[in-house]
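Okay, so here's the structure we're looking at.
The values are calculated or read from the model by the stated rules, or taken from the named source; none is laboratory data. Predicted model, so just to flag it, every value in this text is computed and none were measured. Cβ: placed from backbone, ideal geometry, glycine included. Neighbour counts: every protein chain shown. These accessible areas exclude ligands, DNA and RNA; they are computed on the full protein's heavy atoms, side chains included. Shrake-Rupley method; radii C 1.70, N 1.55, O 1.52, S 1.80 Å.
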Amino acid sequence: MKTKERTGNYNEALQQKIGSGFSATTTAADVMQGIELAGKTAIVTGGYAGIGLETVKALTAAGANVIVPARDMDKALKNLAGITNVTVGQLDLADPASIDAFAGEFLGTNSPLHILINNAGIMWVPLQRDSRGYESQLATNHLGHFQLTARLWPALKRAEGARVINLSSFGHQMAPFDFDDPNFERRSYETLQGYGQSKTANILFTVELDQRGQHACVRAFAVHPGAVNGTDLGRVAPMELFQQMGTHDADGNIYPEVAKKLKTVSQGAATSLWCATSPRLNGIGGVYCEDGDVAELDLGNIDHQYGDPATLRGVQPYSVDAANARRLWSLSEKLTGVTFTAV
């Protein structure tokens, strides 16, 4: 059903809990109870490891056909073996030509795309640049997904009710988006700042995509999956960072009291799946969600403690600011060379 009036999240208009009944302990099975996706098509980037793999399992179990774009084809084929209704395709989010090739192949099927989950990402890596000279966390986490979503737009429109889910993180609280020097060409590189601004970009992209996409019946959601045990997202992060945050001891071991508070992979996938499928979100979009509900705005009233993952919640106002969202959209078009009119 087409939206007759704009109901997006410009300037926190919808950024408040809706009483979903879910929580930090909600699992993928909980949110997918009663959801039927037969005849639906989904794409899940990074859907062959961690919460992405759990997301794919839940979507296919509900009847969806799922395409998993993969940079590491061998790993993807191995991890997805035995799961029905899954197709693997080659994609490197840091390579614009690879993105265009993947999207072009999908568009050639003339299939509608009902769910796009931009799940893949890198975190806390040393300074690396893609072939264009762009900082790798920005290039992979945001710019690659911006281009992919733009290229897949005709298929999203064809679904007549699609949802786009952008995996962000509490990490957005580490940094607003630096419009003056997004690629660390003049400022000293700090990986936490790079990661933080890429996660802020995921939210700002969500806000503007939802605002522009409503007329085409495409709604967008940003997700914080929570602090999850059993993923390889931080595999290259320096141990010193975890130690500084108070989560690991001097020998590099996570404190047991911290470990027991982490989410399982199934709990980590729950909010993405809720945003992708829940009828409770009909008529809502552009919001940042966590723990199976829309997150509250962080106005300095939340005491964040890295040793207690339950306190790592809330969304910063700068990440849902309308002016920032429009500005990032224009910059993303400039950096990627992709005109994304979302019409």
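For region 59-66, state whether one or more residues are in contact with a helix residue (DSSP H, G or I) (Cβ under 6 Å, 6 or more places away or on another chain), of a type in the set (V, I, T), crowded, with 23+ Cβ neighbours inside 10 Å and without any contact (Cβ under 8 Å) to a residue 40 or more places away in the chain. Spell out the reasoning first.
Filtering region 59-66 for residues in contact with a helix residue (DSSP H, G or I) (Cβ under 6 Å, 6 or more places away or on another chain) gives 62, 66.
Among the residues that remain, those that are also of a type in the set (V, I, T) are: 66.
Restricting the remaining residues to those that are crowded, with 23+ Cβ neighbours inside 10 Å gives 66.
This time we only want the ones that are without any contact (Cβ under 8 Å) to a residue 40 or more places away in the chain, so: 66.
Checking region 59-66: at least one residue is in contact with a helix residue (DSSP H, G or I) (Cβ under 6 Å, 6 or more places away or on another chain), of a type in the set (V, I, T), crowded, with 23+ Cβ neighbours inside 10 Å and without any contact (Cβ under 8 Å) to a residue 40 or more places away in the chain.
If L192 passes every condition in (1) surrounded by 23 or more Cβ atoms within 10 Å (Cβ to Cβ); (2) within 26 Å of A24 (Cβ to Cβ) but one, which one does it miss?
It fails just one condition, (1).
Scan region 139-160 and report the pairs whose first residue is open to solvent by 20 Å² or more (accessible area, probe 1.4 Å) and whose second residue is in a helix (DSSP H, G or I), with Cβ atoms within less than 8 Å and a gap of 6+ or a chain change.
T140/S198; R151/I99; R151/D100; R151/A103; R151/G104; R151/L107; P154/L107; K157/A216
With respect to S330, is the statement that it is within 25 Å of A162 (Cα to Cα), touching a residue at least 60 places away in the same chain (Cβ under 8 Å) and either of a type in the set (A, V, I, L, M, F, W, C) or in a helix (DSSP H, G or I) (or both) true?
Working: within 25 Å of A162 (Cα to Cα): yes; touching a residue at least 60 places away in the same chain (Cβ under 8 Å): no; either of a type in the set (A, V, I, L, M, F, W, C) or in a helix (DSSP H, G or I) (or both): yes.
Considered against the rule, which asks whether it is within 25 Å of A162 (Cα to Cα), touching a residue at least 60 places away in the same chain (Cβ under 8 Å) and either of a type in the set (A, V, I, L, M, F, W, C) or in a helix (DSSP H, G or I) (or both), S330 comes out as no.
Tell me yes or no: at least one residue of region 224-241 is buried (at least 16 other Cβ atoms within 10 Å of the Cβ) and at pLDDT 95 or above.
yes
Conditions tested, residue by residue: (1) modelled with pLDDT under 95; (2) assigned to a helix (DSSP H, G or I).
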| position | (1), (2) |
| --- | --- |
| C275 | no, yes |
| R280 | no, yes |
| G285 | no, no |
| C289 | no, no |
| N301 | yes, no |
| Y306 | yes, no |
| R313 | no, no |
| Y318 | no, yes |
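Please go through (1) of a type in the set (A, V, I, L, M); (2) farther than 26 Å from Q137 by Cβ; (3) not in a loop (DSSP other than H, G, I, E, B) for I43 and return the number of the only condition it doesn't satisfy.
I43 satisfies every listed condition except (2).
What are the residues in region 30-47 that are open to solvent by 30 Å² or more (accessible area, probe 1.4 Å) and either closer than 19 Å to L167 by Cα or without any contact (Cβ under 8 Å) to a residue 60 or more places away in the chain (or both), if any?
Q33, G34, E36, A38, G39 - these are the residues of region 30-47 that are open to solvent by 30 Å² or more (accessible area, probe 1.4 Å) and either closer than 19 Å to L167 by Cα or without any contact (Cβ under 8 Å) to a residue 60 or more places away in the chain (or both).
Among the candidates Y195, Y189, which residue alone is aromatic (F, W, Y), over 21 Å from G283 (Cα atoms) and part of a helix (DSSP H, G or I)?
Y195
Inspect region 93-108 for any residue being open to solvent by less than 40 Å² (accessible area, probe 1.4 Å), among the polar types (S, T, N, Q) and within 21 Å of T191 (Cα to Cα) and give the result as yes or no.
no
What about G292, is it in contact (Cβ under 8 Å) with a residue 40 or more places away in the chain, within 24 Å of A64 (Cα to Cα) and open to solvent by less than 30 Å² (accessible area, probe 1.4 Å)?
It is true that G292 is in contact (Cβ under 8 Å) with a residue 40 or more places away in the chain, within 24 Å of A64 (Cα to Cα) and open to solvent by less than 30 Å² (accessible area, probe 1.4 Å).
Can you find even one residue in region 203-218 that is in contact with an Asp or Glu (Cβ under 7 Å, 6 or more places away or on another chain) and buried (at least 24 other Cβ atoms within 10 Å of the Cβ)? Show your work before the answer.
Within region 203-218, the subset in contact with an Asp or Glu (Cβ under 7 Å, 6 or more places away or on another chain) is 217.
Filter once more, so that each one left must be buried (at least 24 other Cβ atoms within 10 Å of the Cβ): none.
Taking every residue of region 203-218 in turn, none turns out to be in contact with an Asp or Glu (Cβ under 7 Å, 6 or more places away or on another chain) and buried (at least 24 other Cβ atoms within 10 Å of the Cβ).
I want to confirm something. Restricting to region 170-184 and keeping residues that are under 18 Å from R129 (Cβ atoms), of a type outside the set (F, W, Y) and in contact (Cβ under 8 Å) with a residue 12 or more places away in the chain, which single residue is surrounded by the fewest Cβ atoms within 10 Å (Cβ to Cβ)?
Only one residue tops the list, namely D178.
Mind listing just one residue for me: the one in region 288-321 that is of a type in the set (A, V, I, L, M) and more than 19 Å from the chain's Cα centre (by Cα) and, of those, nearest to S20 (Cα to Cα)? Talk me through it step by step, then tell me what you get.
First, pick out the residues of region 288-321 that are of a type in the set (A, V, I, L, M): 294-295, 297, 299, 302, 310, 312, 315, 320.
Pick out the ones that are also more than 19 Å from the chain's Cα centre (by Cα) and you get 299, 302, 310.
Values: L299: 22, I302: 21, A310: 18 Å.
Going through the qualifying residues, I end up with A310.
Which count do you get for residues in region 188-204 that are of a type in the set (A, V, I, L, M, F, W, C) and in contact with a strand residue (DSSP E or B) (Cβ under 6 Å, 6 or more places away or on another chain)?
Qualifying residue count, region 188-204: 1.
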